[in-house]
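Some notes on the structure that comes next.
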Amino acid sequence: MAASSLADRDGLEAVTVRAAAHEAGVGIGTLRHYFPTQRDLFDAIVERRVDAVIDDSIVLDSTAPIDARIADMVRQFLPADLDKPGALGLWFAYYSTALGPTPSVASQQLLTAAARRSHQHMRRWLRNFANEGLVADDMIDDANETAIALTVGLTLEALTPGSPMTIERGRILLAQHFSELLAKAVQ
């Protein structure tokens, strides 16, 4: 996708419908046919990036042990690379740039699109579990919101100086949350 190449090369702020059309070698009208708004174009870039790092293969595999599926969900929302020096700081910078006192429109759009896509993946996984009888249908939205909020909170706590929270401990707590959720549905 030309817009992704443009974003990689010049940053997301450089992605406009006009610039993306030029990069793709097509007219603005042609690009607008596929991406009617700037937001649609931006969302497509972010969705593509999020989808590139999320792997549904284990989570959606009903033949895999449920513990392995839960562990894979948790690994994807609290990845090991957050343990690397500076990674948590980059995560925080991502949020603070979008939510801070002088947020850029591009950073807000980026965070919004990434959060929306992450929620979509989590809902799909939970719907799959519901289809298997592992989660009650009426629990999907609450479970999704809770899991995302727990993930963000655990990550922020791991970033806090002096906190005993680590990403590994956060993974354990998030896995416990999912195990308890699934256990309730089975009862």
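The values are calculated or read from the model by the stated rules, or taken from the named source; none is laboratory data. Just so you know, these numbers come straight off a predicted model, no measurement behind them. Counting neighbours? That spans all protein chains shown, and the Cβs are built from the backbone with ideal geometry, glycine included. For accessibility, only protein heavy atoms count, side chains too; no ligands or nucleic acids. Shrake-Rupley method; radii C 1.70, N 1.55, O 1.52, S 1.80 Å.
Structure data summary
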quantity	calculated
Distance in nm between pseudo-label sites at ASP40 and ASP138 (7 Å out along the Cβ direction from Cα)	3.8 nm
Segment 120-128 - phi-based ³J(HN,Hα) in whole Hz, Karplus 6.51/-1.76/1.60, Gly and Pro as x	4, 5, 4, 4, 4, 4, 5, 4, 4
Whether segment 1-108 is rounded, prolate or oblate, judged on the alpha carbon gyration tensor where a/c under 1.5 counts as rounded	oblate
Helix axis angle, 38-53 relative to the chain longest principal axis, alpha carbon, degrees	40 degrees
Phi to ³J(HN,Hα) by Karplus 6.51 cos²θ - 1.76 cosθ + 1.60 over segment 27-36, Hz, x for Gly, Pro	x, 4, x, 5, 5, 5, 4, 8, 10, x
Label corresponding to mean projected area of the Cα convex hull in nm² when calculated from the structure given, among [x] 12.6; [y] 9.8; [z] 11.1	[x]
Centroid-to-centroid separation of segment 20-38 and segment 84-149 [C-alpha atoms, Å]	28 Å
Cα shape, segment 88-187, gyration tensor, a/c 1.5 rule	oblate
FRET efficiency for GLU157 and THR30, using Cβ-Cβ distance with R0 set to 35 Å, rounded to 0.05	0.15
Simple Cβ-charge dipole of segment 35-177, Lys/Arg +1 and Asp/Glu -1, about Cα centre, in debye nearest 20	420 debye
Simple label model, 7 Å out from Cα along Cβ direction - ILE172 to ARG124, nm	3.2 nm
0 to 90° range, to nearest 10: angle between helix 87-99 axis and the chain longest Cα axis	60 degrees
The chain - percent relative contact order, Cα under 8 Å, separation 6 or more	19 percent
Carbon plus sulfur fraction of accessible area for segment 1-88, probe 1.4 Å, in percent	55 percent
Residue-normalised accessible area of the chain, expressed per residue, 1.4 Å probe, Å²	55 Å²
